[in-house]
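Visitor: Have a look at this one before I ask anything.
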There are 2 protein chains.
Amino acid sequence: MIRSTQELLWERGYVGTSPKAIQLAAEAGQGSMYHHFSGKAELARAAIERSGAELRAAAEEQFAGSGTATERITNYLERDREVLKGCRMGRLTADPDVIADPVLRAPVAETFAWIRTRLAEIVAEGKESGEYPAGLDPDRTAATIAAVLQGGYVLARADGSDEPFELAVAGLVDLLEGVAS
Amino acid sequence: MIRSTQELLWERGYVGTSPKAIQLAAEAGQGSMYHHFSGKAELARAAIERSGAELRAAAEEQFAGSGTATERITNYLERDREVLKGCRMGRLTADPDVIADPVLRAPVAETFAWIRTRLAEIVAEGKESGEYPAGLDPDRTAATIAAVLQGGYVLARADGSDEPFELAVAGLVDLLEGVAS
DNA sequence: GTCTATACCGCGATAGAC
DNA sequence: GTCTATCGCGGTATAGAC
């Protein structure tokens, strides 16, 4: 059921996902669902936390790889993604009910905080190795990288095509390589 | 009523906005609404188109200003924004019903296409003036700039604070200034 | 043009049987 | 633990009076 909820939250968001739809997707009965979870909110909480953990694990695969900072960041950016489906986490920030509920927003906030922190660490490593100029701000750069990804999804979904996402990522890589020595 | 719909679409999205809520906000009766509009979808269409026009007009204020390319882009990026409310247009890309309906998606697609085109023109001007290196790709760079804005909103809403948005914008400006001569 | 009444459906949850 | 029945509410739209 949690897995079905993750999928539905991704596709339809919190407001657009009904308990009944979850039960259908999970082939679970109504009584079963309300026995294991107090309601929609708790189920969503479990699903969001699981998605966050999966997302971090997937990102760490690229972050922890070998190569220069730019290479690892590029690997992360250019990883295979279902661009037109958007980001499971980023999508939830459009949901007022998620943003308004501290319990639901917390795992979203933590996931992005973690990603920005990891990216900042990698940028800092790039500075130490002399790859990036000493003046480059890791926290700013990390936020920019994370934003390009999230914004790339938005532009792609608006356009109905992967192209804007690819362009945005390529443009960012150009800029990163431009400031690298 | 269109104005009320714009506001509700911004706050709650398409799925989260009901005809009844629009009527309440606009202090209009039910019969009145269904007399002037065939239903929720047509009303949304009018609202989205109007928001698109307003967004383009607001952006053009910075785009058409004086100064170098980087200055005009920076003015655009650092314009006063209600960051935590998110982008009226970008928000709609999370709405499956909007993305699935060509009539509703079209004005969203056009708005972002216009913004990317204008940004690419400005980047191209920066190349001609010698501000940017000849190797810089205007389309890529434009997509990156637009993505940072949209992604900045996402990160800010996840964080519950303007900070990630400000960081992402500052990081992008750093990179742009870094590649500028 | 705008009003009220009505309809039908699905949401989100609860109750109590098994 | 899971099932079915039921509930109250609001979404979205139509009907027909004024």
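The values are calculated or read from the model by the stated rules, or taken from the named source; none is laboratory data. Bear in mind that the values here come from a model prediction, so they are computed numbers and not experimental data. We place every Cβ from the backbone using ideal geometry, glycine too, and count neighbours over all the protein chains shown. Accessible surface areas use protein heavy atoms only, side chains included; no ligands, DNA or RNA. Shrake-Rupley method; radii C 1.70, N 1.55, O 1.52, S 1.80 Å.
Visitor: Need the list of lysines near B:Lys20 for cross-linking: C-alpha distance under 22 angstrom, and skip anything on the same chain fewer than eight residues off.
Guide: Answer for B:Lys20, where 22 Å is the Cα cut-off: B:Lys40, listed by chain and number.
Visitor: Once you've got the GNM for chain B with C-alpha springs shorter than 10 Å, pick whichever of B:Gly160, B:Gly31, B:Gly90 has the biggest mean-square fluctuation.
Guide: B:Gly31
Visitor: Further question on the same structure: Report the residue, chosen from B:Gly151, B:Gly13, B:Gly67, that carries the largest GNM mean-square fluctuation when chain B is represented by alpha-carbon nodes joined by springs under 10 Å.
Guide: Sorting by GNM fluctuation, first place goes to B:Gly67.
Visitor: Sort B:Arg45, A:Arg91 from largest to smallest accessible area, using a 1.4 Å probe on the heavy atoms of the protein chains.
Guide: B:Arg45, A:Arg91
Visitor: Largest first, how would B:Lys20, A:Lys40 line up by accessible area (1.4 Å probe)?
Guide: Solvent-accessible surface, decreasing: B:Lys20, A:Lys40.
Visitor: Quick one: check the C-alpha center-to-center distance for segment A:137-177 versus segment A:66-130, whole angstrom.
Guide: So the two Cα centres are separated by 12 Å.
Visitor: Rounded if a/c is under 1.5, else prolate if a/b is larger than b/c, else oblate: which is segment A:43-98, with a ≥ b ≥ c the root eigenvalues of its Cα gyration tensor?
Guide: Because a/c hits 1.5 or more and a/b exceeds b/c, segment A:43-98 counts as prolate.
Visitor: Still on this structure: Positive end of the dipole of segment B:36-181, charges at C-beta (+1 Lys, Arg; -1 Asp, Glu), about the Cα centre: which of B:Gln150, B:Thr111, B:Ala64 has its Cα farthest in that direction?
Guide: Farthest towards the positive pole: B:Thr111.
Visitor: Starting from the 7 Å offset along Cα-to-Cβ, what nm value, one decimal, do you get for the label separation of A:Thr68 and A:Glu42?
Guide: Result for the modelled spin labels: 5.2 nm.
Visitor: What figure, in Å² to the nearest 10, do you get for the accessible area of B:Ser181 with a 1.4 Å probe and non-protein molecules left out?
Guide: Taking all protein chains as shown, B:Ser181 has close to 120 Å².
Visitor: Working with all protein chains in place, sort A:His35, B:His36 by solvent-accessible area computed with a 1.4 Å probe, largest first.
Guide: A:His35, B:His36
Visitor: Something else: Averaged over its residues, how many other protein chain Cβ atoms are within 10 Å of peptide B:58-68's Cβ atoms?
Guide: 0
Visitor: Within segment B:141-181, find all residues whose amide N lies under 19 Å from a label point positioned 7 Å from the Cα of B:Ala58 along Cα-to-beta-carbon.
Guide: B:145-158, B:161-170
Visitor: Cut-off 10 angstrom, C-alpha nodes, Gaussian network model of chain B. Which of B:Leu24, B:Leu43, B:Leu77 fluctuates the most?
Guide: Of B:Leu24, B:Leu43, B:Leu77, the Gaussian network model singles out B:Leu24 as fluctuating most.
Visitor: Over segment A:69-181, what is the mean sequence separation of C-alpha contacts under 8 Å (at least six apart), divided by residue count, expressed as relative contact order in percent?
Guide: 34
Visitor: Is chain A rounded, prolate or oblate when judged by the Cα gyration tensor, a ≥ b ≥ c being the square roots of its eigenvalues, rounded requiring a/c under 1.5 and prolate requiring a/b larger than b/c?
Guide: prolate
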